[in-house]
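Following: one structure in structure tokens, then a few remarks.
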Amino acid sequence: MRSPKRVSAKSSKKSSKRKLAKPRRARHAASKPRPWTPDEIREAFSRFRQANPEPKGELEHLNPFTLLVAVVLSAQATDAGVNRATRSLFQVADTPQKMVALGEEKLRGYIKTIGLYRNKARNVIALSEKLINQFGGDVPRSRAEIESLPGAGRKTANVVLNMAFGEQTLAVDTHVFRVANRTGLAPGKTPLEVELGLERVVPAEFMLHAHHWLILHGRYTCLARKPRCEVCLINDLCRWPEKTV
């Protein structure tokens, strides 16, 4: 029969340190910011609407097809940079048929100032061919069908459905993701979590323009490195100060 192990003073101290660490974690969890109330959410979006009743996306386009192309090109690029490239591109290729006729090599020449332009040119030609072959040259009106196009994901589908077809979708880009998490409006670890969280809390009357308001707020006010809290429309409602106390 084995004799019981002797506990040294050193291991005893380590054990007590581990026990003492638990209350600190508990206190941290208890300081989690309060969820927004329905009245606060309505107030926030009412202010956004009053300041900008008809917000518009900043990607320049001529029709649903050029919007689709612009959104695909905007991945890991700025809207301003995409607009500079597509102004001349869309003058010569504003339909899937014209884009296929232009060809991948010439397309690269138009968009070479955009990041990942080679891969994006390949995707734009491929999605144009798929639109012609499977959808009669038209941009489809369902999320699943748009997501089936080369280079198009859920965010692309949501933008196109909202801006081209007036659907009440919420596209979560880096700005929306930051605003939703920083303010505590709809925190989530992934864009999909944030999207679904926003869908649960945003009142129906604000849904059509909600993602535009949040994008613009993140782009010009709730900046990544240094948010401009002094000019923020929802500063008094934001939960970020609670996180930084």
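In table form, for the structure just shown:
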read-out: Condition check for E58: closer than 30 Å to T221 by Cβ, open to solvent by 60 Å² or more (accessible area, probe 1.4 Å) and modelled with pLDDT of 90 or more; value: yes
read-out: The stretch 171-196: number of residues that are touching a residue at least 24 places away in the same chain (Cβ under 8 Å), among the hydrophobic types (A, V, I, L, M, F, W, C) and buried (at least 23 other Cβ atoms within 10 Å of the Cβ); value: 6
read-out: Residue that is farthest from T169 (Cα to Cα), among those in the stretch 30-53 that are modelled with pLDDT under 95 and of a type in the set (D, E, K, R); value: K32
read-out: Candidates N83, N63, filtered to the one that is open to solvent by 40 Å² or more (accessible area, probe 1.4 Å) and of a type in the set (S, T, N, Q); value: N63
read-out: Condition check for I234: touching a helix residue (DSSP H, G or I) at 6+ places or on another chain (Cβ under 8 Å), in a helix (DSSP H, G or I) and of a type in the set (V, I, T); value: no
read-out: Any hit, the stretch 118-128, residues being at positive phi and under 24 Å from the mean Cα position of the chain (by Cα); value: no
read-out: Selection count, the stretch 92-106, where residues are under 19 Å from N63 (Cβ atoms) and outside any helix (DSSP H, G or I); value: 3
read-out: Pairs with Cβ under 7 Å, 6+ apart, first in the stretch 230-245 and under 15 Å from V179 (Cα atoms) and at pLDDT 90 or above, second open to solvent by 80 Å² or more (accessible area, probe 1.4 Å) and not in a helix (DSSP H, G or I); value: R239/R34
read-out: The stretch 140-162: number of residues that are of a type in the set (A, V, I, L, M) and under 15 Å from the mean Cα position of the chain (by Cα); value: 5
read-out: Test for A157: is it more than 16 Å from L59 (Cβ to Cβ) and among the small types (G, A, S); value: no
read-out: Count of residues meeting criterion [closer than 19 Å to M163 by Cα and in contact with a Ser or Thr (Cβ under 8 Å, 6 or more places away or on another chain)] in the stretch 105-142; value: 1
read-out: Of all residues in the stretch 197-241 being surrounded by 20 or more Cβ atoms within 10 Å (Cβ to Cβ) and of a type in the set (G, A, S), the one that is farthest from R154 (Cα to Cα); value: G218
read-out: The stretch 43-79, residues that are closer than 20 Å to A152 by Cα and part of a helix (DSSP H, G or I); value: P64, F65, T66, L67, L68, V69, A70, V71, V72, L73, D79
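Matching residues to (1) in a helix (DSSP H, G or I); (2) surrounded by 20 or more Cβ atoms within 10 Å (Cβ to Cβ); (3) free of Cβ contacts under 8 Å to residues at least 40 places away in the same chain; (4) in contact with a strand residue (DSSP E or B) (Cβ under 6 Å, 6 or more places away or on another chain):
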position	(1), (2), (3), (4)
F90	yes, yes, yes, no
R108	yes, no, yes, no
T113	no, no, yes, no
R118	yes, no, yes, no
R122	yes, no, yes, no
L127	yes, yes, no, no
V139	no, yes, no, no
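The values are calculated or read from the model by the stated rules, or taken from the named source; none is laboratory data. These figures come from a predicted structure and were not determined experimentally. Please note: Cβ atoms are built from the backbone with ideal geometry, for glycine as well, and neighbour counts cover all protein chains shown. SASA here: full protein model, heavy atoms, side chains in, ligands and nucleic acids out. Shrake-Rupley method; radii C 1.70, N 1.55, O 1.52, S 1.80 Å.
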